[in-house]
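*Asks:* Sharing a structure below in structure tokens format, with a few things to ask.
The numbers here are math on the coordinates, done by the rules we state, and not lab data. Fair warning: this is a prediction, and the values are worked out from it, not measured in the lab. Cβ atoms come from the backbone with ideal geometry, glycine included; neighbour counts cover every protein chain shown.
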Amino acid sequence: MSVIGFVLALVLAVVLLGLAFIVLSTYNEIVGLAQRIDKAWANIDVALKQRYDELPNLVQAVRGLMGFEQSVLERVTQARAGYRPDAPIPQQAVTSEQTTGAVKSLLAVVEHYPDLTAHENVMALQAEIARLEGVIADRRELYNDMVYRYDARIQQVPAVLLASIFGWTPRPYFKADPSQTGVPDATLTPG
């Protein structure tokens, strides 16, 4: 083998190794981002489940003390019934926003009842629900940040060249349905 042949073989080997390194490091980076998204979603799911478990306690605690606000309690109960942990993320986001809106309405109404705000049990449940709403919001922000990083990365070179080979597709954000972004109704109306 001539010197030129050896140099060409060496250059080709270095190029192939470089390409293999780029493919492997890109693959590992995307897999890592996907795992972070899955972990962030699992953390949201835990908080949603905790809220799901606490809502009946709050509804039960205020049901007997709220004489004519049954429609608010029904909204919370209906929103809670929509929780499906196996539903697609966009559907869960809509359900979460509906539940958040219903809970905000309930908490706003509770503020109008001095008898309710005097009960320690109601106050403790209200504080726990408010804490869980904050946790959900924080975890949702982290999830959406991970989705942004993943979605942006799979659209950059060289990942975009590998996306179809490995089946990388954009992940959905956990975002509010535009119809669910208004101010919750907390009017006091006899029913």
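*Asks:* Loop-only check: which chymotrypsin sites (Phe, Trp or Tyr not before Pro) in the stretch 30-108 are DSSP coil with at most 14 other Cβ within 10 angstrom? Intermediate values should be presented prior to the final figure.
*Replies:* Numbers: sites: 41, 52, 68, 83; in loops: 68, 83.
Filter output for the stretch 30-108: 68.
*Asks:* In the neighborhood of residue 159, defined by Cβ-to-Cβ distances under 11 Å, what is the net charge if each Lys or Arg adds +1 and each Asp or Glu adds -1?
*Replies:* Residues close to residue 159 contribute a combined charge of -1.
*Asks:* Anything in the chain that counts as a DSSP H helix reaching 15 Å or more along its axis (C-alpha) with Kyte-Doolittle mean of at least -1.0? List them, would you? Working shown, then result.
*Replies:* Working: long enough: 3-63 (89 Å, 0.96); 70-81 (16 Å, -0.43); 89-111 (32 Å, 0.31); 120-153 (49 Å, -0.47).
Flagged H segments are 3-63, 70-81, 89-111, 120-153.
*Asks:* Moving on. Please arrange 49, 104 by how many other C-beta atoms lie within 10 Å of their C-beta, fewest to most. Spell out each step's value before the answer.
*Replies:* Values: 49 13, 104 17.
Ordered from fewest to most neighbouring Cβ atoms within 10 Å, 49, 104 come out as 49, 104.
*Asks:* What is the Å³ per residue value for the convex hull set by the Cα atoms of the chain?
*Replies:* Values: hull volume 22.6 nm³, N = 191.
Considering the Cα atoms of the chain, their hull volume per residue is 118 Å³.
*Asks:* What number, in percent, do you get for the relative contact order of the chain if the mean sequence gap of Cα pairs under 8 Å and at least 6 apart is divided by its residue count? Could you put the intermediate results ahead of the total?
*Replies:* On the way: 157 pairs, mean separation 62.4, N = 191.
In percent, rounded to a whole number, it is 33.
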